[in-house]
Amino acid sequence: MPSDFNVFWGVIFGVVTLINIISGLFIAWSNRSKQRVKEVEEKTEQNIRRETEIGLSISHINSKLDDIKVDMKVQNNSLNEKLEKYIQKSDEKYEKLSNEVVKISESVKSAHNRIDELKQHGNKNE
């Protein structure tokens, strides 16, 4: 009997040991799974933070570009106004010069006519 008794306890001990090994493996696998889930969550959070930072940076850049566009429109309008004033002044100066040239031309014609009259009058006196 003692040998059957020893075999019985040997089997029980073996089964308990096997259960302990299986439960240890299950606990290790479960912990590893939890660790992997935690790593994935951390990486996901990091990616979200990076994407958020990138999104904010892009948004900031877009805002600055919009500001630059507005500034360029204001400058363009200002330059256009200055250019229009310059062209208007140039046109006015051109018109004044054209009128002066016409007056000088008429004055020269008048002077030529008087000179011609003086020549004719001078020829008659001779």
Quiz prompt | Check on residue 62, under 20 Å from the mean Cα position of the chain (by Cα) and of a type in the set (S, T, N, Q) | solution = yes
Exercise. All but one of (1) at pLDDT 90 or above; (2) among the hydroxyl-bearing types (Ser, Thr, Tyr); (3) exposed (fewer than 10 other Cβ atoms within 10 Å of the Cβ) hold for residue 3, so report the exception by its number.
Key: (1)
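Inspect all residues belonging to the range 79-99 and state whether any of them is assigned to a helix (DSSP H, G or I), among the aromatic types (Phe, Trp, Tyr) and within 54 Å of the chain's Cα centre (by Cα).
yes
The values are calculated or read from the model by the stated rules, or taken from the named source; none is laboratory data. Everything numeric here is computed off the predicted structure, so don't read it as measured data. Cβ: placed from backbone, ideal geometry, glycine included. Neighbour counts: every protein chain shown.
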